[in-house]
Amino acid sequence: MIAYKYPEDEEILVHYARKLKANDIIEIIDNGYVKNANGAKLLTAFFWQMVDESVKDAEQGLDAAGHRDLQAYDEYIMNTLRSYLINAGYEKEWNDDDEPGQ
């Protein structure tokens, strides 16, 4: 199961999944786990999309589910998802789609 550091992490993930119309990600969040390598790839790709979107929101002074310190939450969420995926055997999927430009 995905173990969030803070309850706000899950709230922010759901916020961006809805905003980006990522229904497959909402299902993963609701289930609390990915079912296979494809799900791990989807979650990883979504995370980086979410980061891009949260940067735009922060620049515009917008919040995510009532939270404003989006950079800190992005880091918490990254640590949570990275740990979960690696422990679940999906290290390759996390690393294959690691942050663009790296």
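Where a number appears in this text, it was derived from the coordinates with a stated rule and is not lab data. Because the structure is predicted, anything quoted here is derived from the model rather than measured. Cβ atoms come from the backbone with ideal geometry, glycine included; neighbour counts cover every protein chain shown.
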Exercise for the section: Select from the stretch 9-42 the residues that are crowded, with 19+ Cβ neighbours inside 10 Å, in contact (Cβ under 8 Å) with a residue 40 or more places away in the chain and closer than 17 Å to Val55 by Cα and list them in ascending order. Expected result: Asp9, Ile12, Leu13, His15, Tyr16
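Out of all the residues in the stretch 22-46, which are in a helix (DSSP H, G or I) and at positive phi?
Passing the criteria: none in range.
Could you go through the stretch 42-52 and let me know if any residue there is touching a Phe, Trp or Tyr at 6+ places or on another chain (Cβ under 6 Å) and not aliphatic (A, V, I, L, M). Step through it out loud before you land on a result.
As a first pass, look at the stretch 42-52 and keep what is touching a Phe, Trp or Tyr at 6+ places or on another chain (Cβ under 6 Å): 44, 50.
Applying the additional criterion that residues be not aliphatic (A, V, I, L, M) yields 44.
Yes, the stretch 42-52 contains at least one residue that is touching a Phe, Trp or Tyr at 6+ places or on another chain (Cβ under 6 Å) and not aliphatic (A, V, I, L, M).
Considering only residues of the stretch 47-102 that are outside any helix (DSSP H, G or I) and in contact with a His (Cβ under 8 Å, 6 or more places away or on another chain), which is surrounded by the fewest Cβ atoms within 10 Å (Cβ to Cβ)? Please lay out each step first, then the result.
Of the residues in the stretch 47-102, the ones outside any helix (DSSP H, G or I) are 60-69, 88-90, 97-102.
Narrowing the set further to residues that are in contact with a His (Cβ under 8 Å, 6 or more places away or on another chain) leaves 64-65.
Details: Ala64: 23, Ala65: 15.
Only one residue tops the list, namely Ala65.
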